[in-house]
Amino acid sequence: MTESLTFSGGCQCGAVRYRITGKPKAPHICHCRMCQKAAGNYFMPLAFAREEDFVFTRGEPRWYHSSDVVLRGFCGACGTPLIYRQLDPAEICITLGSLDDPSAVTPETQEGVESRLPFFHLLASRPENLTTEGMDPGLLEAIARSNHQHPDHDTEEWPEEPRS
């Protein structure tokens, strides 16, 4: 007997976690203006999951009707975008960046390209720097020591130790 493929994910603070049984379908980058606003970014990576294969394992998202036919679920504590739920037909998309391993699902298409920013194709040719380059080592140490971000795996409780 083989074990089903599962994917887990959640928000930055760990208040909302989810699990998907089976591989997300039709992974894509959406450039539409609504997704740009929802992500606070140039695009939003998404993939479909069947409703019966998706479950919240900790907490519940807050919901925003971005249109009459779409609900967007996000963490009410930290604001992480998590889910896009189309109402008719009923479909769920998860944000690929909220997966515990975002590299496990590669986008296959780009959607909403009419709103793609005109310089998007230039981004891969821009200079690349490591996060740590040019940062004060004291600041990096302080961030690492006081990191409140949920780890990229399920935990029994979060936060693991009560904070004062």
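Residues in the range 1-37 that are closer than 21 Å to His150 by Cβ and either of a type in the set (Lys, Arg) or crowded, with 19+ Cβ neighbours inside 10 Å (or both): Phe7, Gly9, Gly10, Cys11, Gly14, Ala15, Val16, Arg17, Tyr18, Arg19, Ile20, Pro24.
For beta carbons closer than 9 Å, sequence separation of 6+ or different chains, a first residue in the range 109-126 that is closer than 16 Å to Cys30 by Cα and a second that is at pLDDT 95 or above and among the basic types (Lys, Arg), the qualifying pairs are Gln110/Arg116; Gly112/Arg33; Ser115/Arg33. With respect to the stated conditions, Glu51 is surrounded by fewer than 17 Cβ atoms within 10 Å (Cβ to Cβ), without any contact (Cβ under 8 Å) to a residue 60 or more places away in the chain and closer than 20 Å to Val105 by Cβ.
If you filter the range 50-87 down to residues that are in contact with an Asp or Glu (Cβ under 9 Å, 6 or more places away or on another chain) and hydrophobic (A, V, I, L, M, F, W, C), you find that the one that is farthest from Ser115 (Cα to Cα) is Leu87. Would you say Lys37 is at negative phi, over 12 Å from the mean Cα position of the chain (by Cα) and either in a loop (DSSP other than H, G, I, E, B) or polar (S, T, N, Q) (or both)? Answer is no for this residue. Applying a threshold of 7 Å to beta carbon distances and a minimum spacing of six or more residues, or different chains, the list of pairs starting in the range 20-42 at a residue that is among the hydrophobic types (A, V, I, L, M, F, W, C) and ending at one that is part of a helix (DSSP H, G or I) reads Ile20/Asp53; Cys32/Ser115.
Filter the range 38-48 down to the residues that are closer than 18 Å to Ala90 by Cα and of a type in the set (A, V, I, L, M), then identify the one that is surrounded by the most Cβ atoms within 10 Å (Cβ to Cβ).
Ranking the qualifying residues of the range 38-48, first place goes to Leu46.
The values are calculated or read from the model by the stated rules, or taken from the named source; none is laboratory data. Small disclaimer: the values here were computed from a predicted structure and weren't measured. Cβ sites come from the backbone with ideal geometry, for glycine too, and all protein chains shown count toward neighbours.
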